[in-house]
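The structure appears right after this line, and notes come after that.
The values are calculated or read from the model by the stated rules, or taken from the named source; none is laboratory data. Since the structure is predicted, the reported quantities are computational estimates derived from the model, not experimental observations. A quick note on method: Cβ atoms are made from the backbone with ideal geometry, for glycine too, and the neighbour counts reach across all protein chains shown.
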Amino acid sequence: MRRAAIYCRISQDREGAGLGVARQEADCRALIGRKGWVMVDVYPDNDVSAYSGAPRPAWKRLLADIEDGTIDAIACWHVDRLTRSPRELENVIDLADRRGVELATVTGEIDLATPTGRLIARMLGAAARHEAEHKAERQKRQRRQSAEAGKVSGGGTRPYGYAEDRITVIDEEAEVICEAARRVLAGESLSSVCREFRKRDIMTSTRGHWVPTTLRRLLASARISGRREHTPHSASESTRPLLGVIVADAVWPAIISATDSDRLRTLLSDPARDFRAQAATGRTYLLSGILRCGRCGWRMNGRPRSGVPRYVCPNVPGTASCGGVATNAARTDEHVRDMVLTALDSPELAKRVRHQAGDDDGLAEDVRADEEQLEELAQAWAAREISRKEWMAARAPIDARLEKSRAQLARMSRASPLLGFIGTAEEMVNRWEAMNVSQQRAIISATVRTVVVGVANPRKRWDPDRFTFDWIA
Ligand SMILES: [Zn+2]
């Protein structure tokens, strides 16, 4: 009596057929019963792609047991469950030959001991492989086509802000998106917004907590502005680029305006902003990194002494930092706040801010047009319509123009937190106190580049003349 193994494998290419491991196993058990074999063990593997190189531990164990002579029959659902490539199939045929192993499949008899049986197995294997490859190709094409038609893309979890149909707006979540967009555009850090959302128990669409990377993806996605974005597919989800190419107006409604979306996309893809570092520190010192040591020019950090918060030149070993300057944090914060708010009350600054943060004169539109042109050039090169040299020559002026527009957009984004602030002198201090550190920092960074702290005068307890402001002109 033959000692049979059941081999089953779950993979994406048969997912649509609902062919889970349990179903495969049940069918194989029945088959073994019909054949009059004895079931020894089940060897289940789980891999996603039919022809990926992912290891199959159960498969390896099965081959080893056949070599050891403890197994002399295999039952599986279909040849395409057993092997993933012609080479693997040849190994099985070879093994069947040497060890006299019999193979039975639920979908039809295959006798690997005869030339006809082997031919059928090879043909079935080749057909399955072709189907899997063809399907991958077809899916890629469909994704691109449906992107261009502005259609809904399926799969995965529902996008935040929209219901399961991916079209109906969920009002409550749309409000959260608008709030987050407004605050990030006003210069607040992603981690600060996330922290505050956590306090209010605002959850993601998968009932998780908001973290900066998730919020960044949401706000940078063209989807929330009712536009369809095509992101060229890469092997792994985690390396998916933040921004794709906006290819069409979508069939679903917008939650934020296209202008705000373009600003967010520029702001959030700015490599100068290190989101991970921001997320990690969760700054509590208002002016760390903004203050400079008056003796050595080093960035001053917040550091308490005897429980009193101070900013100090850090005296980092092996660097030029001197460690010779320190200032009381509370009084310095207050002084810098007063200077900044006073400056904001001046008509000249008001005028400049209005100019900088005002209408973008179609700048975002220009950026998008340039990005699309770059994409077209890349495609022309990929399709061998132009040479690499031609490609490079054509993209140089576009790159230069893009860089300029992006810098301009970034300047505008930096200035925008000030818009709501100008010309309201008496209200300012109250509103300032209601802000969190991140929001306050955004206001300061939009007004001053650095504040240099001079060496303390030993005869004065508090000396405002120690501070030199480098205003953003
Ligand atoms: Zn120093």
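Against the list (1) among the hydroxyl-bearing types (Ser, Thr, Tyr); (2) on the phi < 0 side of the Ramachandran plot; (3) more than 14 Å from the ligand (Cβ to nearest atom), the condition Thr327 fails is (3).
Of all the criteria given as (1) within 10 Å of the ligand (Cβ to nearest atom); (2) in contact with a helix residue (DSSP H, G or I) (Cβ under 8 Å, 6 or more places away or on another chain), the one not satisfied by Pro309 is (1).
For Arg14, indicate whether it is assigned to a helix (DSSP H, G or I), assigned by TED's automatic domain parsing to the domain that holds Val92 and at pLDDT below 85. Step through it out loud before you land on a result.
On the way: assigned to a helix (DSSP H, G or I): yes; assigned by TED's automatic domain parsing to the domain that holds Val92: yes; at pLDDT below 85: yes.
Taking the combined requirement at face value, the residue satisfies it.
Each residue in the range 101-121 was checked for being of a type outside the set (A, V, I, L, M, F, W, C), in contact (Cβ under 8 Å) with a residue 24 or more places away in the chain and under 16 Å from Ala75 (Cβ atoms), and 3 pass.
Residues that are more than 11 Å from the ligand (Cβ to nearest atom), under 39 Å from the mean Cα position of the chain (by Cα) and either in a loop (DSSP other than H, G, I, E, B) or over 24 Å from Ser192 (Cα atoms) (or both): does the range 289-300 have at least one? Yes, the conditions are met somewhere in the range 289-300.
What residue, of Val79, Val48, Val21, is touching a Pro at 6+ places or on another chain (Cβ under 8 Å), at pLDDT below 80 and within 29 Å of His134 (Cβ to Cβ)? Outline the logic, then answer.
On the way: Val79 fails: touching a Pro at 6+ places or on another chain (Cβ under 8 Å); Val48 fails: touching a Pro at 6+ places or on another chain (Cβ under 8 Å).
Going through Val79, Val48, Val21 in turn, just one is touching a Pro at 6+ places or on another chain (Cβ under 8 Å), at pLDDT below 80 and within 29 Å of His134 (Cβ to Cβ): Val21.
Among the residues of the range 369-394, just one is assigned to a loop (DSSP other than H, G, I, E, B) and of a type in the set (S, T, N, Q), namely Ser387. The one condition from (1) more than 41 Å from the chain's Cα centre (by Cα); (2) at negative phi that Ala26 does not meet is (1). Each residue in the range 87-145 was checked for being among the small types (Gly, Ala, Ser), in a strand (DSSP E or B) and modelled with pLDDT under 80, and 1 pass.
Scanning the range 72-102 for residues that are within 18 Å of Glu25 (Cβ to Cβ) and surrounded by fewer than 22 Cβ atoms within 10 Å (Cβ to Cβ) yields one hit, His78.
Is it the case that the range 445-453 has a residue that's under 22 Å from Val184 (Cβ atoms), assigned by TED's automatic domain parsing to the domain that holds Val325, crowded, with 16+ Cβ neighbours inside 10 Å and at pLDDT below 80? Yes.
Tell me whether the range 415-429 contains one or more residues that are surrounded by 12 or more Cβ atoms within 10 Å (Cβ to Cβ), at pLDDT 75 or above and not in a helix (DSSP H, G or I). No, the range 415-429 contains no residue that is surrounded by 12 or more Cβ atoms within 10 Å (Cβ to Cβ), at pLDDT 75 or above and not in a helix (DSSP H, G or I).
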